[in-house]
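A short worksheet on the structure shown next.
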Amino acid sequence: MAKNYAVKRTDEHERYEDEENITDLEASEDMFEDTSKTKKEVIKQIQQEYKIAYDSQVSKIQEGLKRLKLYNNQARDKKRVGDPLLFTVFNTVFSSLYKDRFNVVFEGTREGDQEKAENITNLAEHDYIKMQKKQLDYDWGWNTCFYGRGLLLLEDFDFEEDMLCPIAEVIDPMTFLRDPNATSVNGDMYGNGAMRFGGREIGLTKWQMKDRGYDCEGILKDKEIDELLRQARQERAAANNTQQIDFSQETLDENYEYSVLEWYTHIDGEKWCISTANAKNKIVRAVKLKQQKRWGFVDRTLFPMANDWDGVSIPDLIEDKQRARAIMINLGLDAAKSDLHPMYFYNKKKITNKKDLDFGFNKGVGVNGSVEGAYTPMIKAQAITQQVNLIMEILKASGEASVAAPELAQGVNPNQDRTATENEIVAAGRGSRVSLSAALWSSSEERFWRQWYFLYKTNFESDKIGEKIIRINGVISKKYKALTRKDIVTDTDPDVIVISKAEQQAEEDRERAIMTPFSQIALQDPTVNRRYLLRKLARVSGVNEEEQFFMFPPTVHELKAEDENQTLEAGEFIPISASDDDIQHIEIHLKAEPTKALQAHIMAHKKMLYFKQANEMLEQQQTQPMLDKVTNISGAKEQKPSVTEQRANLIQPN
């Protein structure tokens, strides 16, 4: 029989249990699955951890919600003017980081894993669209810039036939509580500073709970005073000038949203995700995170501080300056109004009717006596406009400099006249600042794809997923490839390499700037490997391998070497041929997995190359005395023209 286990919060922020309403909703003696604790002990543990986290972070959460009013500028006094400095600076920084997509490449760590690593890379590119990663990156990055640290949850897998991929979800920082001692989600390599416990509040209907495997029996429409989800909705509604009608939804039944706490904690040293309802008094789902040494959260930071969770956000740096600028703007407006409608002194004996002083076009005012001294404006400060402009510029420059968002980066002409060289210096300095944040984001992107691969490794089983078909975008047409577990799972996890497109483009630009003049000189050498040099130029110019294949079709020697690689990788030795182009063979063989047979084969090509060059030199040495004897047979000293000179003479005009 379900009983009501009510928990309330007093004004002194202390919890108490209404003993008269306690029932056996969670039997105190029932053991909590495979642990040494009872259900009541687990519930008490969650309540204690929640209170510790709530008390330490509620003030910061409330401050973060209030800042939303500054961002969208909707909840201001309608008689006043707001300033969009936070919005402008925020979007300048965020847009530069968001537009730079990261390319992910997996590389095998053992011999024979490279083909699987390429399959994983293609799978990641395929899942980028399936997981709606572009939208995830926007929400994840927005939270990071606005709150200092953004969280993304990646621990579930979608087994629907049209999906078959991990499920990623961006966490609302305003409904998330965590261990106050944590400096990051998973800490360092030893786990120091890792989150001991933490969780979030979400709203779910009964049918959503059933879809997720929740126990919906006995759940109640209980509300708590400290409920973060309700607070977040109320503040966001206020920021948007709308009304939060949370309490009026109590009349709903089918689509009523119950407050659920998803809490991540340790029980007997094991990681668990426990979902509770009824004001944290009923466990509706409990999942032991098997085979997982780290939490499934991936955190991303903007301006982190060592040994600190929160770091610095953009509103931390801009809020006070926007408020001050708004004050100065309105002071300037008040000053302009006061110039049009000043305070004044008037002589009551000369102007008997005060209404005569109200402004009117072509209005005449009768004065009893001389006009002089009848009306005198009150003297006030005259320099307020200059002061306002000066302070406004100082505040703006200070805010923009703090986050490297000058006017040039905002897409507007700078107020200060600068030369083209000075603008380049400003852009370069900003690029250095932004690249630091981009480097930090690349670390979080690497953690994301490591967790993504972990989910495939633990869920890609024959009884759940037979195979997954992915699409590979080619230069000419799309290709489709079926992957099974053995095609992507390696004994040792592959390395994850995350490359910023902007940094990759900059590196290619630098390399191309060096290679272009060098290649012009190198191509004058008749012995240079022209195809290799041209391919390298194509690569640094952004031409991918498939385009290079059609641009430089493989020669007979390259095709033969590729066929030989398969045999050599199997450990079988292949004799070389004197007709082989040894340079082209060596270039292709270096791409194969190293084996003793391959190393011996490459060494044979090197020796053959040496013998061919030695024979050419020997032939030249034997031929030269005979040529000298023919040219000097008459005793004449004149020298026979070289072959090059003879060809040049043939093309000379008559």
message = Please count how many residues of the stretch 533-545 are surrounded by fewer than 13 Cβ atoms within 10 Å (Cβ to Cβ) and part of a helix (DSSP H, G or I).
response = 1
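Can you give me the number of residues within the stretch 251-266 that are touching a Lys or Arg at 6+ places or on another chain (Cβ under 6 Å) and either among the hydrophobic types (A, V, I, L, M, F, W, C) or farther than 16 Å from residue 212 by Cβ (or both)? Walk me through how you get there before you give the answer.
Filtering the stretch 251-266 down to residues touching a Lys or Arg at 6+ places or on another chain (Cβ under 6 Å) leaves 261-262.
The next check asks that each one be either among the hydrophobic types (A, V, I, L, M, F, W, C) or farther than 16 Å from residue 212 by Cβ (or both); those that pass are 261.
Going through the stretch 251-266 one residue at a time, the tally reaches 1.
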message = Considering only residues that are farther than 19 Å from residue 440 by Cβ, basic (Lys, Arg) and buried (at least 21 other Cβ atoms within 10 Å of the Cβ), which ones fall in the stretch 278-314?
response = 280, 282
message = Take the residues in the stretch 40-76 that are touching a helix residue (DSSP H, G or I) at 6+ places or on another chain (Cβ under 6 Å) and among the hydrophobic types (A, V, I, L, M, F, W, C); name whichever of them is surrounded by the most Cβ atoms within 10 Å (Cβ to Cβ).
response = 70
remark   = Out of (1) surrounded by fewer than 19 Cβ atoms within 10 Å (Cβ to Cβ); (2) modelled with pLDDT of 90 or more, the one residue 98 does not meet is (2)
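Determine whether residue 570 is at pLDDT below 85, farther than 30 Å from residue 509 by Cβ and among the hydrophobic types (A, V, I, L, M, F, W, C). Don't jump to the end; show me each part of the working.
Numbers: at pLDDT below 85: yes; farther than 30 Å from residue 509 by Cβ: yes; among the hydrophobic types (A, V, I, L, M, F, W, C): yes.
When the stated conditions are applied, residue 570 passes them.
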key: Matching entry among 86, 65 (being in contact (Cβ under 8 Å) with a residue 12 or more places away in the chain, closer than 26 Å to residue 197 by Cα and not polar (S, T, N, Q))   = 65
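The values are calculated or read from the model by the stated rules, or taken from the named source; none is laboratory data. For clarity, every value in this text was computed on a predicted model and none was experimentally measured. Note: ideal-geometry Cβ built from the backbone for every residue, glycine included; neighbour counts use all protein chains shown.
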